[in-house]
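Participant: My structure is below; once you've seen it, I'll send some questions.
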Amino acid sequence: MDHTLLSSLPWAAFGINRPGTGQHTAPSTPNWQEIDLYAALRDGLYVLEPTDWRLRLVVGEDLRAATGLRDYVADTPLNLVLVSRLTRLDETEEPLRQFYTALDTGYISQNV
C-alpha cells in the first residue's frame with residue numbers, strides 16, 4: 001500500500017486536527033475519545049498514536065485474517081479496526097455507553 005495513502009487514512013479517520021485542544025477529525029460523544037484505531041497490514045498490526053502522529057507496531061505478524069468474518073479480509077492491503085476502550089468512559093449508564101461508542105465508531109468510519 002502506498003505510504004502517503006496509509007498515512008492519510010488514519011489521520012482522516014481520527015487524527016488530531018486541533019492540537020491546542022487535542023480534538024480530533026471526528027466528534028467524540030461526550031468527548032471521551034475512547035476509540036483507538038488499529039491498522040492491520042501484511043507486516044503487522046499497528047495502533048495510531050494521534051498525539052505523536054505515528055503508527056506504532058503492536059504485533060509483528062499478519063493478523064488481517066483475524067480482523068473480520070469474511071475470507072477476503074486476509075488478502076486486503078489494509079484493514080482498519082476501531083476499538084472502544086471502555087475504561088475511558090465515565091459512569092454513564094450501560095445502554096448509553098454502548099450507544100455513544102457506536103456513534104463515535106460511526107463518525108470515525110464516515111471519515112475514511
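The values are calculated or read from the model by the stated rules, or taken from the named source; none is laboratory data. Remember, it's a predicted structure, so these values are computed and weren't measured experimentally. Virtual Cβ from ideal backbone geometry, glycine too; neighbours counted across all protein chains shown.
Participant: Can you find even one residue in the stretch 51-63 that is surrounded by 13 or more Cβ atoms within 10 Å (Cβ to Cβ), touching a Phe, Trp or Tyr at 6+ places or on another chain (Cβ under 6 Å) and either under 16 Å from Val112 (Cβ atoms) or of a type in the set (Val, Ile, Thr) (or both)?
Facilitator: Yes, the stretch 51-63 has at least one match.
Participant: So, Asp36, is that one assigned to a strand (DSSP E or B) and modelled with pLDDT of 85 or more or not?
Facilitator: Yes: the conditions hold for Asp36.
Participant: Ok, one more. Working only within the stretch 87-112, note down all residues that are of a type in the set (A, V, I, L, M, F, W, C), farther than 17 Å from Val47 by Cα and either modelled with pLDDT of 95 or more or in a helix (DSSP H, G or I) (or both).
Facilitator: Leu96, Phe99, Ala102, Leu103
Participant: Search the stretch 2-33 for residues being aliphatic (A, V, I, L, M) and either modelled with pLDDT of 85 or more or surrounded by 14 or more Cβ atoms within 10 Å (Cβ to Cβ) (or both), and hand back the single one that is nearest to Leu63 (Cα to Cα).
Facilitator: Once the filter is applied, the top-ranked residue is Leu6.
Participant: Moving to a separate point now. Can Asp75 be described as loosely packed, with under 13 Cβ neighbours inside 10 Å, at pLDDT 95 or above and out of contact with any Phe, Trp or Tyr (no Cβ under 7 Å at 6 or more places or on another chain)?
Facilitator: It is true that Asp75 is loosely packed, with under 13 Cβ neighbours inside 10 Å, at pLDDT 95 or above and out of contact with any Phe, Trp or Tyr (no Cβ under 7 Å at 6 or more places or on another chain).
Participant: Here's something else I'd like to know. Can you name every residue in the stretch 57-86 that is touching a strand residue (DSSP E or B) at 6+ places or on another chain (Cβ under 9 Å), assigned to a helix (DSSP H, G or I) and hydroxyl-bearing (Ser, Thr, Tyr)?
Facilitator: Thr67
Participant: Filter the stretch 39-56 for residues that are in a loop (DSSP other than H, G, I, E, B) and either touching a residue at least 24 places away in the same chain (Cβ under 8 Å) or more than 27 Å from Tyr100 (Cα to Cα) (or both) and give the result.
Facilitator: Arg42, Asp43, Pro50, Thr51, Trp53 - these are the residues of the stretch 39-56 that are in a loop (DSSP other than H, G, I, E, B) and either touching a residue at least 24 places away in the same chain (Cβ under 8 Å) or more than 27 Å from Tyr100 (Cα to Cα) (or both).
Participant: Quick check: anything in the stretch 87-107 charged (D, E, K, R), more than 21 Å from Leu5 (Cα to Cα) and touching a Ser or Thr at 6+ places or on another chain (Cβ under 7 Å)?
Facilitator: Yes: the stretch 87-107 contains one or more residues that are charged (D, E, K, R), more than 21 Å from Leu5 (Cα to Cα) and touching a Ser or Thr at 6+ places or on another chain (Cβ under 7 Å).
Participant: Filter the stretch 5-28 down to the residues that are in a loop (DSSP other than H, G, I, E, B), of a type outside the set (Gly, Ala, Ser) and within 15 Å of Tyr107 (Cβ to Cβ) and list them by number.
Facilitator: Residues satisfying the conditions are Thr25, Pro27.
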